[in-house]
């Protein structure tokens, strides 16, 4: 007895063969980006980058701005706004009390762990020295990384934001500490010109 679907199967086989013969080159061109009408050099439609042993050309980098320059350009007013979060633990007024953290009036140049009566962590007590601009910058960048074991947990990634906060902290003093010298492109300190009234 003949298969009742024999004719359908035969037609399917013929059409499939034609589709493969005609469609396969078109599919290849679409995937590999063949030349005009499928002739010529084959290219991948989506280029794949392979690692090379040849030395990579370095892209021109942005000129590095020194911390001293960032600090010189920083706005204390912007720093005060950024330090708003710090007010949950610290006071900033002259003679202000301690909170979870010590009072920060006149902190620039003050001895590390130098506020009498505040219960500092042993890690901060053993750090020694003074709060210089550079030390404050490193502490604000990653307090736990800079002084492992300190009670304060703070990470401010952007240098400009840290400079603004430190500029604000500098302003919290009767006689603010002098800013670090900004070096010129030649590597020499730039002279600071005072405004002269005529």
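At full extension, residue 100 and residue 171 could sit 23.4 nm farther apart than now, given 0.36 nm per residue minus the alpha carbon distance. When restricted to Cα atoms, the range 67-171 yields an Rg and a Dmax of 12.8, 36 Å, respectively. Listed peptides 159-170, 82-93, 12-23 appear in the order 159-170, 82-93, 12-23 once ranked by packing, highest mean of other Cβ atoms within 10 Å at the front. Extension gain, residue 11 to residue 85, is 19.0 nm, computed as 0.36 nm per intervening residue step minus the present C-alpha separation.
Each label was represented as a point 7 Å from its Cα along the Cα-to-Cβ direction; for residue 3 and residue 158 these points are 7.2 nm apart. Each residue, residue 72 and residue 130, gets one label point 7 Å from its Cα in the Cβ direction; the gap between the two is 2.1 nm.
Just so you know, all these numbers are worked out from the coordinates, no wet-lab data involved. Please read these numbers as outputs of a predicted model, since none were measured by experiment. Positions of Cβ are generated from backbone atoms using ideal geometry, with glycine treated the same way; all protein chains shown enter the neighbour counts.
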